[in-house]
1. When the residues of the range 129-161 are filtered to those that are in contact with a helix residue (DSSP H, G or I) (Cβ under 6 Å, 6 or more places away or on another chain) and assigned to a loop (DSSP other than H, G, I, E, B), which remaining residue is farthest from D80 (Cα to Cα)?
2. For the range 216-246, enumerate the residues that are crowded, with 16+ Cβ neighbours inside 10 Å and either in a loop (DSSP other than H, G, I, E, B) or not assigned by TED's automatic domain parsing to the domain that holds L94 (or both).
3. Going by what's in this entry, would I260 be described as among the hydrophobic types (A, V, I, L, M, F, W, C), at pLDDT below 95 and surrounded by fewer than 18 Cβ atoms within 10 Å (Cβ to Cβ)?
4. Within the range 162-190, restricting attention to residues that are of a type in the set (K, R), within 16 Å of E124 (Cβ to Cβ) and outside any helix (DSSP H, G or I), which residue is modelled with the lowest pLDDT?
5. A96 - would you say it is in a strand (DSSP E or B), modelled with pLDDT of 90 or more, crowded, with 18+ Cβ neighbours inside 10 Å and over 10 Å from the mean Cα position of the chain (by Cα)?
6. Considering only the range 279-305, state which residues are in contact (Cβ under 8 Å) with a residue 24 or more places away in the chain and exposed (fewer than 11 other Cβ atoms within 10 Å of the Cβ).
7. If you check S82 against the conditions, is it touching a Leu at 6+ places or on another chain (Cβ under 7 Å) and polar (S, T, N, Q)?
8. Look through G151, G158 and report the one residue that is modelled with pLDDT under 85 and either more than 22 Å from V20 (Cβ to Cβ) or buried (at least 22 other Cβ atoms within 10 Å of the Cβ) (or both).
Amino acid sequence: MGKKVYAIKEGFNFTTNEKVENIIVNTWAECLKYVKGVKGAKYKSFEDINEAKKFLEEGSKLLKKGIDKYPEDCLHIYVDGSYSISTEKYSYGLVAVRDNIVEYIESSAAKDNTKSNIRQIAGELEAAIKGVEYAIRNNDKKVVIFHDYEGIAHHATGFWERREESSINYYNKMNELIKSGIEVIFVKVDSHTGDLFNEIADEKCKQELSIVSDRVVDKWLDKNELYVASNKIKKEILEIVNGKEGKIIVVGNSEEDVAISLDSCNSEGSTNENCTNGENESIKIIDQLKIFMKKISLENQLDVLKYAEYLYNKQK
């Protein structure tokens, strides 16, 4: 009889407080470290390492970012979750992106009241549900959900067995949303690999629990610019970075920004008729530009921005 290896499809590392997925270990003791006490852990022993690899590949035919093709011309939402051992709270975060422009961010924290104590998985499942709900509210017919926890896809499709109340509720709710008419495409993105939007979701989760992050987003902004749809989103990003106001570019006027502009004209003490008429006309033009900007490529959007800057400098 040959020496056994152990393939772990799903486990948890309590030392680092991180998920363990699709790894092969050489001893039962090491395997036990990742699966003992973990609800829903999936693992199996093999005498042939090739069979072990095959086991890990079975059912994990997920679309993967950077490898597989997926729709680019629709809303993209990145989801993540985190967990604090000290407070026993979980958090969720989602980042909605369209044409490489961040248009929405949502994050929150709550007490983990599940009997099985599923830690950050509770947040990841909640983020996926809220992401699809956001897409439906905005009348999107198609959305791509980027996730690092494979259960986001496998529990939604029913490929994984649903033993816990959390996975049962997630399956029922996700399928209820899908039946309403929206197409949901799941794409796996590897965690902690520097994927910008995934890192934003991760750091917003950690912010909710006061967990110190690796500040990947802050470092990324040292050399790059990030485009967002509103000043509200810009403020959300600034909460997880040091300064960097100049690196976060607002490329449109959201409903919130338009409301602020209107309030500035309608506020007490503002009696200038030109403000009312001129400002309202300007807002209409900006709204029309916003519609067109969403329909053109990022490269063309930058051309429009440069031309607007040219006109601004010319009239000074």
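1. Within the range 129-161, the subset in contact with a helix residue (DSSP H, G or I) (Cβ under 6 Å, 6 or more places away or on another chain) is 129, 132, 143, 145, 149, 152, 155-156, 160.
Next, from what is left, pick out any that are assigned to a loop (DSSP other than H, G, I, E, B): 149, 160.
Values: Y149: 8, W160: 19 Å.
That would be W160.
2. Across the range 216-246, the qualifying residues are A229, S230, I240, V241, K244.
3. Values: among the hydrophobic types (A, V, I, L, M, F, W, C): yes; at pLDDT below 95: yes; surrounded by fewer than 18 Cβ atoms within 10 Å (Cβ to Cβ): yes.
So I260 fits the description; yes.
4. The first filter runs over the range 162-190 and keeps only residues of a type in the set (K, R), leaving 162-163, 173, 179, 188.
Next, only the ones that are within 16 Å of E124 (Cβ to Cβ) stay: 162, 173, 188.
Retained after the next criterion (residues that are outside any helix (DSSP H, G or I)): 162, 188.
Numbers: R162: 73, K188: 94.
Per the criteria, the residue is R162.
5. Answer is no for this residue.
6. Of everything in the range 279-305, just one residue is in contact (Cβ under 8 Å) with a residue 24 or more places away in the chain and exposed (fewer than 11 other Cβ atoms within 10 Å of the Cβ), namely S297.
7. Numbers: touching a Leu at 6+ places or on another chain (Cβ under 7 Å): yes; polar (S, T, N, Q): yes.
So S82 fits the description; yes.
8. Numbers: G151 fails: modelled with pLDDT under 85.
Exactly one of G151, G158 is modelled with pLDDT under 85 and either more than 22 Å from V20 (Cβ to Cβ) or buried (at least 22 other Cβ atoms within 10 Å of the Cβ) (or both), namely G158.
The values are calculated or read from the model by the stated rules, or taken from the named source; none is laboratory data. The structure displayed is predicted, hence computed values, not measured ones. Note that we place each Cβ from the backbone using ideal geometry, even for glycine, and neighbour counts take in every protein chain shown.
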